[in-house]
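A.B. asks: Input: one structure, supplied below.
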Amino acid sequence: MNAIPILRIRDAERSLAWWARLGFTEEFRHQFEDGFPLYIGILRGGSVIHLSQHEGDAPGPALVYLLRPTWQP
């Protein structure tokens, strides 16, 4: 079983830049029409997170732990 957290965002480009610093890349982007909220999937290895600008999605607050398989200094 896999779980995919959906996190509410306000600024898609700023959010993508922040997650890119952690090694995530954009997998997909969905928008019904220009001017509508974005829904974005990001990926790093086997970890998937969805970012949503939709008002009703993930009203928060939220907390996500990202764990490495082994700790390395």
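A.B. asks: Do you know which of the residues in segment 41-73 that are of a type in the set (S, T, N, Q) and at pLDDT 75 or above is nearest to the chain's Cα centre (by Cα)?
C.D. replies: Across segment 41-73, the extreme among qualifying residues is 52.
Residue-by-condition table, conditions (1) surrounded by 15 or more Cβ atoms within 10 Å (Cβ to Cβ); (2) in a loop (DSSP other than H, G, I, E, B):
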site: 7; (1), (2): yes, no
site: 14; (1), (2): no, no
site: 18; (1), (2): no, no
site: 48; (1), (2): yes, no
site: 67; (1), (2): no, yes
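A.B. asks: Continuing with the same structure: Is it the case that segment 21-29 has a residue that's of a type in the set (Ser, Thr, Tyr), within 9 Å of the chain's Cα centre (by Cα) and surrounded by 10 or more Cβ atoms within 10 Å (Cβ to Cβ)?
C.D. replies: No: zero hits.
The values are calculated or read from the model by the stated rules, or taken from the named source; none is laboratory data. The model shown is predicted, which means the values in this text are computed figures rather than measured ones. Here Cβ is always computed from backbone atoms with ideal geometry, including for glycine, and neighbour counts include all displayed protein chains.
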